[in-house]
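The block underneath contains the structure these notes are about, expressed in structure tokens.
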Amino acid sequence: MSESTAFGPICPLPINDYPQVMMAHGGGGKLMHDLIEKVFVPAFHNPLMDVRHDGAVFGVGNERLAFTTDSYVVKPLFFPGGDIGSLAVTGTVNDLAMCGARPLYLSAGFILEEGMETEKLWRIVQSMSAAADAAGVRLVTGDTKVVDRGKGDEIFINTAGVGVISHGLSICPNSVRPGDAIILSGDIGRHGIAIMAAREGLEFETTIESDCAPLSLPVLDIISSGVEVHCLRDLTRGGLASALVEIAEASGYEINIEEKQIAVREDVQGACEILGFDPMYLANEGRFVAFVPEHQAEMTIDAINSFASDTTATRIGTVSERRSADVTLRSVIGASRIVDMFSGEQLPRIC
């Protein structure tokens with residue numbers, strides 16, 4: 001055995017199957033899950049990463065903080081209901097909220113392509129400023145780089161965020177318990193269809209706008225009202241289905257959901273039927289699921305609905321006592337099926 005064979009690192013990802021990175025590796029499905037679990041997690045393994053949540057939670061002095069980062073490559077840059085700038089701020093704020101944190105400060109890194117119109121950049125920056133004001137956060141540091149023409153698709157944005165946790169709850173997949181009620185904060189699928197329509201120039205009878213919105217206020221209200229929140233997850237890439245599968249795998253408990261309780265607007269459902277999409281897998285940017293004790297389900301729904309003007313929170317399921325990583329869905333006709341992740345995303349470059 002040669003020295004390089006004996007001591008060289010071995011990549012656990014099936015290189016022969018995927019010798020190159022594919023678009024599906026960034027889509028929120030199985031391939032992205034495998035990329036994270038088999039490449040990044042082993043390389044950067046530590047207790048904070050083992051939680052498998054939307055951000056890291058740690059102590060600094062007497063404070064508990066949450067920290068997260070995300071990158072945005074959405075195409076097109078502007079879409080009904082938002083743009084890459086508002087998306088970058090909102091997405092990072094929401095990741096902090098899913099940790100149960102009050103978002104405080106953000107950073108922003110801009111990768112700009114030579115030749116981008118300055119007017120577009122100005123609109124994006126102003127949108128970020130407005131989104132930060134709406135979410136109650138401040139953008140306090142950043143960085144700018146410019147790449148050659150044709151190498152950057154106009155603009156990519158990376159954001160990182162810090163928030164403070166002022167309660168004693170441990171909000172993460174490992175805190176999920178049998179009997180927990182699963183609350184969905186509103187209808188699903190709007191963001192994915194809004195991006196698809198803008199990208200492909202599709203026109204429907206009504207304009208479908210992204211649900212892009214900060215989630216920190218309803219989440220903090222749920223917590224302050226006394227709900228013992230066990231887990232929160234926003235429904236971005238991979239949609240509701242992928243989020244539930246990830247939580248089932250991390251918690252080790254089977255999740256049972258009811259299709260008839262999952263709200264999909266009529267125009268979104270119609271667009272999905274035309275385009276062949278499943279709304280369960282479409283990205284959202286203003287929706288989340290909450291896992292809470294059974295007796296606090298109605299309290300949670302009331303708290304969310306007090307902030308919602310165009311949608312309604314509903315209970316969509318329950319955590320089973322069965323030890324399993326399965327998510328089962330009972331359809332509107334009473335049949336049951338296993339919900340799994342797609343290999344990738346129905347629509348790439350969604351956020």
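Here the peptides 201-212, 185-196 are ranked by packing, the mean other Cβ count within 10 Å, and the order with the highest first is 185-196, 201-212.
List the relative contact order of the range 102-187 as a percent without decimals, with contacts defined as Cα pairs under 8 Å and 6+ residues apart. List each step's numbers first, then the result.
Working: 100 pairs, mean separation 41.1, N = 86.
The value is 48 percent.
With one equal scatterer per alpha carbon and no solvent term, the Debye-computed log10 I(q)/I(0) for the chain at 0.08, 0.09 1/Å reads -0.39, -0.49.
For the cross-link pairs 75/145; 38/120; 30/260; 30/120, the ones whose C-alpha atoms lie over 29 Å apart are 38/120; 30/120.
Here the range 54-165 is described by how far its Cα atoms reach on the three principal axes: 48, 27, 20 Å, from widest to narrowest.
Got the relative contact order for the range 54-165 handy, in percent, Cα pairs under 8 Å and 6 or more residues apart?
On the way: 224 pairs, mean separation 46.6, N = 112.
It comes to 42 percent, rounded to a whole number.
Each residue of the range 173-339 gets 106 Å³ once the volume of the Cα convex hull is shared out per residue. Cross-link partners of residue 151 among aspartates and glutamates, defined as those whose alpha carbon lies under 16 angstrom from its own and excluding same-chain residues fewer than eight positions apart: 113, 114, 117. Measuring nothing but how far apart in sequence close Cα pairs (under 8 Å, 6+ apart) lie, relative to its length, the chain scores a relative contact order of 24 percent.
Readers should treat all values here as calculations from the given coordinates under stated rules, not as data from a laboratory. Not measured: the values here are computed from a predicted model. Neighbour counts run over all protein chains shown; Cβ positions are idealised from the backbone, glycine included.
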